[in-house]
């Protein structure tokens, strides 16, 4: 099998995952990995996509014999997109014997989960929490059991700013969510943007009617609109801008990257729209195209989005760490898995190649894609520094 052929660590084909070196480490034939995602509630689309990507990866690994002969057992919990449930599910999964926990999706929820992980001492990994400080405590020290495998808000906020200038958008109108995600992106954008921000307007994640802030800025002179938020509110805002006759270019973050965003706006109104993403189906990369084909086969012809791909890679990231623990003759404990995660170098899968930094943040590339009639048509890759 070839799932791991691009990962620059020893024994990285899936066949080798199933039987290359190392002593068997635990007293069970199963390795428990927890899944703590938003499967219902405001951001359920993100959580469901991650879960499906994770499930696909684990099914592949187990079909190939598991990790050195041991199968992965997923224990999946729904945190309902609620902070209290995030914490409760994190504790529950730790008590159920998880050696690592995957999720949640959003920055705010992940901060909750990482706080719990510091107490349970179970490594917790988010594939999409982009907050710059989510892996750090209030003093700037790295949280020992929290990891992210995606780029950060400062990186994507800066990328949006640079892309705007490259496109000649020297005057922009900015709308942003007032949650941690939106504020982090806004801060990064403002620091990097070399043009003029004619106005900045905040909105709430659960807002549905944006007529007041649209009308307030109707007479502004600008080249493009920047919207910094998740798909639900952002989709409603884009829809209302377009229905009101605003055909200016729209730039956004990875929060746009969900099929629900397209459904909310309507494909016909999604032209001249650009957003940052972790993954795109545009291009001819063999690894990516195989993933797309395999995903379609597993999920009734569906096309994977960024959060499917992030979940898929997240599961392989943890599986790779567990394999290295076993190959070193160590027990598969949360502490040993944590140390292996910290030592990950040049891990390469469908969302790109990364190494884990000392701040427990992946050093990774970013893509900016263009939508025409709701379809991704162009993609530009920016390599992480």
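The values are calculated or read from the model by the stated rules, or taken from the named source; none is laboratory data. All values reported here derive from a predicted model rather than from experimental measurement. Every residue, glycine as well, gets a Cβ built from its backbone with ideal geometry; the counts of neighbours run over all protein chains shown.
Structural remarks
- Among residues that are assigned by TED's automatic domain parsing to the domain that holds residue 225 and more than 18 Å from residue 277 (Cα to Cα), residue 136 is not included.
- Looking across segment 134-157 at every residue that is more than 11 Å from the chain's Cα centre (by Cα) and buried (at least 24 other Cβ atoms within 10 Å of the Cβ), the one that is farthest from residue 95 (Cα to Cα) is identified as 157.
- For segment 267-286, the set of residues classified as at pLDDT below 95 and over 13 Å from residue 369 (Cβ atoms) consists of 284, 285, 286, listed by residue number.
- The lone criterion from (1) exposed (fewer than 13 other Cβ atoms within 10 Å of the Cβ); (2) touching a helix residue (DSSP H, G or I) at 6+ places or on another chain (Cβ under 7 Å); (3) in the same structural domain as residue 33 (by TED's automatic domain parsing) left unmet by residue 316 is number (1).
- Residue 160 vs. criteria buried (at least 24 other Cβ atoms within 10 Å of the Cβ) and either in a helix (DSSP H, G or I) or touching a strand residue (DSSP E or B) at 6+ places or on another chain (Cβ under 8 Å) (or both): yes
- For beta carbons closer than 6 Å, sequence separation of 6+ or different chains, a first residue in segment 322-333 that is more than 15 Å from residue 32 (Cβ to Cβ) and a second that is at pLDDT 95 or above and crowded, with 17+ Cβ neighbours inside 10 Å, the qualifying pairs are 323/67; 324/340; 330/336.
- Among (1) in a strand (DSSP E or B); (2) within 25 Å of residue 237 (Cα to Cα); (3) not assigned by TED's automatic domain parsing to the domain that holds residue 216, the one test that residue 176 misses: (3)
- In the set 239, 290, 243, 248, only one residue is outside the structural domain of residue 215 (by TED's automatic domain parsing) and at pLDDT 95 or above; that residue is 290.
- On inspection, residue 279 qualifies as surrounded by 19 or more Cβ atoms within 10 Å (Cβ to Cβ), in contact with a strand residue (DSSP E or B) (Cβ under 8 Å, 6 or more places away or on another chain) and closer than 25 Å to residue 76 by Cβ.
- Applying the condition of being out of contact with any strand residue (DSSP E or B) (no Cβ under 7 Å at 6 or more places or on another chain) and part of a loop (DSSP other than H, G, I, E, B) to segment 339-385 and asking which residue is farthest from residue 250 (Cα to Cα) yields 343.
Let's see how each residue does on (1) outside the structural domain of residue 264 (by TED's automatic domain parsing); (2) modelled with pLDDT under 95; (3) out of contact with any helix residue (DSSP H, G or I) (no Cβ under 7 Å at 6 or more places or on another chain):
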{"position": "333", "(1), (2), (3)": "yes, no, yes"}
{"position": "340", "(1), (2), (3)": "yes, no, no"}
{"position": "344", "(1), (2), (3)": "yes, no, no"}
{"position": "348", "(1), (2), (3)": "yes, yes, yes"}
{"position": "373", "(1), (2), (3)": "yes, no, no"}
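- Selected residue [touching a residue at least 12 places away in the same chain (Cβ under 8 Å), within 20 Å of the chain's Cα centre (by Cα) and at negative phi] from 38, 96: 38
- Qualifying position, being farther than 28 Å from residue 305 by Cα and either touching a residue at least 24 places away in the same chain (Cβ under 8 Å) or in contact with a helix residue (DSSP H, G or I) (Cβ under 9 Å, 6 or more places away or on another chain) (or both), among 165, 227, 160, 214: 214
- Which numbered condition residue 329 misses (of (1) assigned to a helix (DSSP H, G or I); (2) more than 17 Å from the chain's Cα centre (by Cα)): (1)
- Counted as qualifying within segment 216-326 are the helices (runs of 4 or more DSSP H) with 3 or more residues that are under 19 Å from residue 197 (Cα atoms), namely 231-243.
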